[in-house]
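Written below as structure tokens is the structure these notes are about.
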């Protein structure tokens with residue numbers, strides 16, 4: 001019994017261990033042409049740099065003269081201190097501008113209230129002097145094939161009758177205004 005609990009404990013501990021991909025642990029080797037290579041580790045052998053590529057999971061070699069060592073060290077220090085990259089700030093501004101433009105495109109229903117992005121039918125309701133939109137869900141209706149009165153006509157052409165009854169399930173609608 002004791003061994004069972006020990007095994008269960010070990011299995012649960014191993015199951016909780018989070019796996020970290022190589023790209024999460026990767027460091028950038030910034031090259032002098034401005035590009036970079038993601039590497040988990042590297043070794044310098046004379047005038048050659050041998051690094052383990054996080055993208056290709058294989059060892060690769062480049063001349064050490066191609067690596068911009070000051071830029072590589074600066075990137076590693078900035079990442080350790082949590083400094084955002086200039087590109088990330090530009091992307092954030094661009095994303096905020098796009099979001100603002102999309103928000104301006106949506107119809108304005110009431111002060112501070114716009115239609116939802118996903119569409120659908122909504123009811124404008126006022127609750128405690130605050131306007132709000134209540135989404136209306138479509139009920140599934142079923143056609144009541146009332147064949148009691150004329151079975152022969154319904155058997156030949158069930159769609160041809162002038163009147164058809166649609167029944168909605170439930171006693172009342174979910175949203176009532």
| message | Need the failing condition index for residue 50 against (1) in a strand (DSSP E or B); (2) modelled with pLDDT under 85, just the number. | response | (2)
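Residues checked against (1) surrounded by fewer than 11 Cβ atoms within 10 Å (Cβ to Cβ); (2) modelled with pLDDT under 70; (3) touching a strand residue (DSSP E or B) at 6+ places or on another chain (Cβ under 8 Å); (4) farther than 26 Å from residue 99 by Cα:
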{"position": "118", "(1), (2), (3), (4)": "yes, no, no, no"}
{"position": "124", "(1), (2), (3), (4)": "no, no, yes, no"}
{"position": "167", "(1), (2), (3), (4)": "yes, no, yes, yes"}
{"position": "176", "(1), (2), (3), (4)": "yes, no, no, yes"}
| note | Exception for residue 33 within (1) part of a helix (DSSP H, G or I); (2) surrounded by fewer than 12 Cβ atoms within 10 Å (Cβ to Cβ); (3) modelled with pLDDT of 90 or more falls at (1)
| field | Matching residues, the stretch 126-161, being at pLDDT 70 or above, surrounded by 10 or more Cβ atoms within 10 Å (Cβ to Cβ) and more than 24 Å from residue 171 (Cα to Cα) | value | 130, 131, 132
| task | Only residues in the stretch 49-78 that are more than 13 Å from residue 36 (Cα to Cα) count as the first member; pair them with residues that are assigned to a helix (DSSP H, G or I), Cβ under 6 angstrom, at least 6 apart or cross-chain, and list the lot. | result | 49/64
| said: Which count do you get for residues in the stretch 58-108 that are within 24 Å of the chain's Cα centre (by Cα), modelled with pLDDT of 90 or more and not in a helix (DSSP H, G or I)? | reply: 0
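The values are calculated or read from the model by the stated rules, or taken from the named source; none is laboratory data. Every value quoted in this text rests on a predicted model; they were computed, and no experiment measured them. Note: ideal-geometry Cβ built from the backbone for every residue, glycine included; neighbour counts use all protein chains shown.
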